[in-house]
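Nothing in this text is a laboratory measurement; each read-out follows from the coordinates by a stated rule. Nothing here was measured: the structure is a model prediction, and the numbers come from that model. Backbone-built Cβ (ideal geometry, glycine too); neighbour counts: all protein chains shown.
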Amino acid sequence: MHPHSMQRRLLAAVMLSQLLLAAGLLLAGVLYTHRRLLATLDAGLESRAMSVAALVRYTEDATGKVYFDDTLMPQSIDPRHPDLFAVWTERSGLLTRSSNWPAGLEVSPREARNHWHFRSNHIPYRALLVSQVPVLDREEGKAFQPQTLTILYAAPLLQLENQVREAGVFIALASLVLLGATGLLALWGIRRGLRPLEHLAAQATRVSANNWEFRVPEDVQQVEELRPLTRSMAHMLERLERSFAEQREFVGNAAHELKTPVAVLKSTLQSLLQRPREAEEYRLGLERSLEDLERLEGLLQWMLRLARAEQSEHGALGRDLEPVELGATCEEAIARIRRLADARNVKVHLVTNGRVRLRADPEDLQLVWVNLLENAVRYSPEGGAVEVVIAGVESGRARVQFADHGPGIPAVDLPRIFERFYRGDPSRTRATGGFGLGLAIAKALVEAYGGTIAADSRAGDGTRMTVELPVMS
């Protein structure tokens, strides 16, 4: 996709809206002007029609006949094009027409509309028909049978059309001037409004892997619409900084953990090659080398498990999960840890409260339970017990608790027990087989399924690990 300019799009949107507004105002102005001028013209037509009616007079005898006196004709509305008129009486029909009445134009007062248009010699006219107009000329002492008149008066529309056209041109020119001024004002406002974004972008470019300081410019803080963006950027940078720190710590810890078995293995092999030895010495040296290799292999497997767990946490695997029974996975984990428990004479008790089903990979859940059980068994005293309790479902979540009766976790170590390669107990040396990755893997897998894991411990009172997982509805 081709890049586009937000400023140009905003300006185009403003100009288009203003152009539509100008077109609407132009149309409304022209229509309003045309309507008002027509109303004025109709008033003038009616006034002239009544003036024509005043020129109809009765004869001097008592017959009641009328005639038209054209000596005082009203002046035409447009001097260049004379007006047209026609007068009908109630009794005798057409009384008179204007001298310039167009040939072939026949109008019946009964069929004509009150207002109508026609063309004569390519000139548009507007006509007004006035009915039931009494004859105004009356003489004192004479009794006439009264009759009424119907008058049609028409005037050309050329002046009106010119006035409407001039009004339209004036409104259009004024709209263009205002449109230009609005465009300049919009351009200034858009540039001013986007300036905080430029400052924000300039500040963001200063952020790097070595500099995570992100200061929001003052003008950006004053823009309400940018506050969600700045908060999101700040949170994102905090997460990135934490991820970079964790990655650096992970690489350092992994290198440290790998360095020792590799160094020991190298030293053993070098010692075997320094001088000729007996077969038994070679056998013992190779056995120690194999032990170091097994430890190295175990560390690599734990690191791969952690990477897989973190991929699951971020949804990178995208697997279709089948429903599993939570109690069954706990039973499988207890069976896998049984050998270690028997060696330490530790009893593992499982308490369930009905069947609980959820969508998960049973291998993932068993890995979580095995890690928690291994820690609980190792830290339990000889002849002690570990309780595993699957609590009932509350608010769509199931709770699994692992409790031991060991020495507990010191308060200073409790917040960090889920960190990678963290071993708070100095007694847990490499000889015990611990790498400090078990709880980190458990936490990553639990959070990958939308759950939580928490530790509660007091010195001398054992440790309780609580896992909550969403279940099927």
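Counting Lys +1, Arg +1, Asp -1, Glu -1, what net charge surrounds Ala403 among other residues with beta carbon under 11 Å of its beta carbon? Don't skip to the end; give the middle numbers.
On the way: positive: Arg464; negative: Glu387, Asp404, Asp456, Asp461.
Value of the local net charge: -3.
Grab the other residues whose beta carbon is less than 12 angstrom from that of Met73, score K and R as +1, D and E as -1, and report the net.
Value of the local net charge: -2.
Peptides 5-14, 373-382: what's the order by average Cβ count within 10 Å, highest mean first? Walk me through the numbers on the way to the answer.
Values: 5-14: 12.9, 373-382: 20.4.
Ranked by mean Cβ neighbours within 10 Å, highest first: 373-382, 5-14.
Given a Förster distance of 35 Å, report the FRET efficiency between Lys65 and Ala43 from their Cβ-Cβ distance, rounded to the nearest 0.05.
Details: r = 32 Å, r/R0 = 0.91.
Efficiency at R0 = 35 Å is approximately 0.65.
Take the Cβ-Cβ distance between Leu237 and Leu269 as r, set R0 to 30 Å, and report the resulting FRET efficiency rounded to the nearest 0.05. The partial results should precede the final answer.
Numbers: r = 47 Å, r/R0 = 1.56.
Here the calculated transfer efficiency is 0.05.
Could the peptides 399-409, 29-39 be put in order, highest first, of the mean number of other beta-carbon atoms found within 10 Å of their residues? Kindly include the intermediate steps, with their values, before the conclusion.
Numbers: 399-409: 20.6, 29-39: 14.5.
Ranked by mean Cβ neighbours within 10 Å, highest first: 399-409, 29-39.
Please label the shape of segment 6-165 as rounded, prolate or oblate, based on the square roots a ≥ b ≥ c of the eigenvalues of the alpha-carbon gyration tensor (a/c under 1.5 means rounded; beyond that, a/b larger than b/c means prolate, else oblate).
Details: a/c = 3.66, a/b = 3.10, b/c = 1.18.
Because a/c hits 1.5 or more and a/b exceeds b/c, segment 6-165 counts as prolate.
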